[in-house]
Structure formats: structure tokens, C-alpha cells
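A.B. asks: Just dropping this structure here.
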Amino acid sequence: MSVLSRILVFVGLLSLFHAAYSAHEFSILSTKYHKNAPLPLDIKLETLISVFLACFGLVLGSEPLRPVSWNEWAGKIEKEGGPHPFRGLEDRVGFMDIRAERREFANWAKAQGAATKS
Amino acid sequence: MAPSPYELSLLLNPLVPDSLTHNTRTLSNIRSISGLFLGIAAGILGLESLWGFGFYLLSNMLISALFYFLLAGAKPQKYFAGAAGTRGLNDKQPGRNPGSGAWRELWFGGGLFTEALSGFVLGWAGVGGVIR
């Protein structure tokens, strides 16, 4: 949840409770002096806007969705550099780069020889 | 025996169960929390009978639209399963068929008429009773 969405939800809830308090006060006063007055427009507008803000912050702050198809899911993992689900297929012996392995071994052997000589 | 369209679709375009549960959980989380907020708002506004349910439906469509465009990027088929047996099968033109019917899960799924509705009614009745 990012900071902006938290702020949106917080402000929305705060003003929602403010609207609730205003409506409560209004209903107490209206029953004391006159009967069945409709709610003033500003309280209605405040309620609607604040609930919209809170919902907007909620949607904005929720976790991103994950692709549901296997191919898109695996492609996304591979692009991000994680251990992708087709690793087992690509690590088979037939796909081994034998020259790179040899070069690596030669370098290692050279380093070992230098270390023991000195 | 030839495989049924359902089995073929599973073979051609398999789904990831983890992602499916994650997406539906995200949607139902948003629906249930916002359902409570909407219930509080309906209680403050003092809506009665059908007006309350109309308010619920209308504002949930707004939330679904936000979800559709902000989170799903107007591609529901990428994030929800859709109708069984449509994904991957393509008889008419070449190319990958993304399937169909996922918009229904996005717009009307996530407990819109079950859990979120009960949360809405709870907030509506509770706040309406306290304020008046």
C-alpha cells in the first residue's frame, strides 16, 4: 500500500465520520424544532465524496494482479530474473555449453597451480 | 476418444492456481471493505429499501470500473480465468485465443451478492439506527 492510497483512505474515512456526526447533530436539532426535514445537501455531498475517496484509495493501494496464463506468468518471472519454472528443461546435458565449462575449468586449474607454486 | 474442448484448453493454455487465488482474493478484499464503507454512507444518507440496494449496485459498478481500468488494465482475460474451455482454442483464425467471459468474474464476482452485500447491510442498518 503506497503512501498516497493510505492518505486517501484515511482522509475519506475521517470525513465520512465527520459527515456521520453532522447527520447525527442535524437529526437531533430537526426533531427538536421541526419534523422530518431532509438531510442538507452539503452533508450528502460530503458523504458521497468521502466514500468515493476511500474506495479509490482502496483500489489504488491493493496489490497488483498476477497474470493467470502459464506462459505470461513464466515470462514475467524470467524477465525479473527469478528462478523460472522451465529451469529444469534448460539445464539438461544437451544444452550444456561445453567450451565455456572447459574454459572455466582451465582458469580454475591455472589459479590453483599458481596458488600452490607461490 | 478425442479430448473435450475443456481438456484441450487446459493443455494449450494452462492456468496458474496461485495467481488465480491471489487475484480473486484481491478483488474480494476490495469488495468486502468497500462494502462496509458504502453501508456507512447509505446509513448516513438515510436511504430506504430499494434506494439502498440501488446505491450499492451503482457504487459497486463504479468500484468495478476503477478495478477494471486501474488494476486489470482493461484486460480481464489476462488476470481472470473466464469461461471454461474457451481459452487457447482457436478454430477460426490463427493465433492465440485469449478466451472469453472473464469480464463477468471481474464485474460481478468477488462476493458482490454474498459477503460484500452482508457487510453493506450491516453497516447500513447499524449506522442508520445510531444516527436517527
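The values are calculated or read from the model by the stated rules, or taken from the named source; none is laboratory data. Please read these numbers as outputs of a predicted model, since none were measured by experiment. Note that we place each Cβ from the backbone using ideal geometry, even for glycine, and neighbour counts take in every protein chain shown.
A.B. asks: Checking B:THR86 against (1) farther than 19 Å from B:TRP124 by Cβ; (2) part of a helix (DSSP H, G or I), which test does it fail?
C.D. replies: Looking at each condition in turn, B:THR86 falls short on (2).
A.B. asks: Is at least one residue of the range B:6-25 more than 30 Å from B:GLY88 (Cα to Cα), at the interface with another protein chain (Cβ under 10 Å from one of its Cβ atoms) and more than 20 Å from the chain's Cα centre (by Cα)? Don't jump to the end; show me each part of the working.
C.D. replies: Of all residues in the range B:6-25, those more than 30 Å from B:GLY88 (Cα to Cα) come to none.
Scanning the range B:6-25 turns up no residue that is more than 30 Å from B:GLY88 (Cα to Cα), at the interface with another protein chain (Cβ under 10 Å from one of its Cβ atoms) and more than 20 Å from the chain's Cα centre (by Cα).
A.B. asks: Taking the condition of being facing another protein chain (nearest Cβ under 9 Å) and at pLDDT below 85, how many residues in the range A:72-83 meet it?
C.D. replies: Looking only at the range A:72-83, we keep the residues that are facing another protein chain (nearest Cβ under 9 Å), and these are A:72-74.
After this cut, where a residue has to be at pLDDT below 85 as well, the list is none.
Matching residues across the range A:72-83 total 0.
A.B. asks: Return the total of residues in the range A:61-93 being in a helix (DSSP H, G or I), closer than 22 Å to B:ARG87 by Cα and small (Gly, Ala, Ser). Quick ask: steps written out before the conclusion?
C.D. replies: From the range A:61-93, those in a helix (DSSP H, G or I) are A:61, A:70-79, A:87-90, A:93; that's our starting set.
So of that shortlist, the ones also closer than 22 Å to B:ARG87 by Cα come out as A:70-77.
Next, from what is left, pick out any that are small (Gly, Ala, Ser): A:74-75.
Count: 2.
A.B. asks: Counting just the residues of the range B:100-132 that are part of a loop (DSSP other than H, G, I, E, B) and farther than 30 Å from A:HIS24 by Cα, which one comes out nearest to the other protein chains (Cβ to nearest Cβ)?
C.D. replies: First pass over the range B:100-132, keeping only residues part of a loop (DSSP other than H, G, I, E, B): B:100-101, B:109-114, B:132.
Among the residues that remain, those that are also farther than 30 Å from A:HIS24 by Cα are: B:100-101, B:109-111.
Details: B:SER100: 14, B:GLY101: 13, B:GLY109: 13, B:GLY110: 12, B:GLY111: 15 Å.
The extreme case among them is B:GLY110.
A.B. asks: Would you point out which residue out of B:ASN29, B:ASN90 is surrounded by fewer than 18 Cβ atoms within 10 Å (Cβ to Cβ) and either at pLDDT below 90 or touching a strand residue (DSSP E or B) at 6+ places or on another chain (Cβ under 7 Å) (or both)? Explain how you work it out, then say what you get.
C.D. replies: On the way: B:ASN29 fails: either at pLDDT below 90 or touching a strand residue (DSSP E or B) at 6+ places or on another chain (Cβ under 7 Å) (or both).
Exactly one residue qualifies, and that residue is B:ASN90.
A.B. asks: If I go through the range A:1-19 residue by residue, how many of them are free of Cβ contacts under 8 Å to residues at least 60 places away in the same chain and under 24 Å from the mean Cα position of the chain (by Cα)?
C.D. replies: Of the residues in the range A:1-19, the ones free of Cβ contacts under 8 Å to residues at least 60 places away in the same chain are A:2-19.
Add one more test, that the residue is under 24 Å from the mean Cα position of the chain (by Cα), and what stays is A:2-14.
Number satisfying all stated conditions: 13.
A.B. asks: Shifting gears a bit: Being assigned to a loop (DSSP other than H, G, I, E, B) and either surrounded by 10 or more Cβ atoms within 10 Å (Cβ to Cβ) or among the aliphatic types (A, V, I, L, M) (or both): is that true of A:LEU39 here? Full working, then the answer.
C.D. replies: On the way: assigned to a loop (DSSP other than H, G, I, E, B): yes; either surrounded by 10 or more Cβ atoms within 10 Å (Cβ to Cβ) or among the aliphatic types (A, V, I, L, M) (or both): yes.
The answer is yes for A:LEU39.
A.B. asks: Just the residues that are among the charged types (D, E, K, R) and closer than 18 Å to A:ALA54 by Cα, please, taken from the range A:6-29. Steps first, please.
C.D. replies: Taking the range A:6-29 and keeping what is among the charged types (D, E, K, R), we get A:6, A:25.
Passing the criteria: only A:ARG6.
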